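The values are calculated or read from the model by the stated rules, or taken from the named source; none is laboratory data. Here the structure is a predicted model, which is why all the values come from computation and not from measurement. Please note: Cβ atoms are built from the backbone with ideal geometry, for glycine as well, and neighbour counts cover all protein chains shown. Note: accessible area is taken over every heavy atom of the protein model, side chains too, but ligands, DNA and RNA are not part of it. Shrake-Rupley method; radii C 1.70, N 1.55, O 1.52, S 1.80 Å.
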Amino acid sequence: VAERNPTFIIVHDYGDYISVKEKIAWLKTRPELTECVAVKENHFIAMSLSEVFPGVQNALAVENLFSTFHPELL
């Protein structure tokens with residue numbers, strides 16, 4: 001991931017004992033990610049489990065991704 005220098009990182013929200021905020025905080029502590037654009041600019045996208053697996057929620061996931069990647073087009 002670090003070598004690809006992503007502009008956004010998707011964080012899965014499984015509704016488990018680790019919150020999205022905790023997962024993002026952990027990612028920010030990783031030395032190999034400190035120079036990634038996504039980490040520097042705080043570009044994290046939370047996606048629920050139902051948005052990740054095939055189903056009707058995929059349309060909402062696509063809308064979420066589009067509005068995050070291209071807010072100027074809304």
When the Kirkwood hydrodynamic radius is evaluated over all pairs of different C-alpha atoms of the chain, what value in angstrom, to one decimal, is obtained?
13.3
Residues with beta-carbon under 13 Å from that of Thr68, excluding Thr68: net charge, scoring Lys, Arg +1 and Asp, Glu -1?
-4
Using Cα pairs closer than 8 Å and at least 6 residues apart in sequence, work out the relative contact order for the chain, in percent.
32
If unit charges are put on Cβ atoms (+1 for Lys and Arg, -1 for Asp and Glu) and the dipole of the chain is taken about its Cα centre, the option from Val11, Val52, Leu74 lying farthest towards the positive end turns out to be Val11
222 nm mean residue ellipticity, helices alone, for the chain (DSSP H n ≥ 4; -39,500 (n - 2.57); rounded to 500)
-10500 deg cm²/dmol
Those GluC sites (Glu not before Pro) from the stretch 4-74 that are DSSP loop and have at most 16 other Cβ neighbours within 10 Å turn out to be Glu35, Glu41
Computing the accessible area with a 1.4 Å probe over protein heavy atoms, can you report the carbon and sulfur percentage for the chain?
60
Using the heavy atoms of the protein chains alone and a 1.4 angstrom probe, what is the accessible area of the chain per residue in square angstrom?
73
Cβ-Cβ FRET estimate between Arg30 and Leu60, R0 fixed at 22 Å, reported to 0.05
0.15
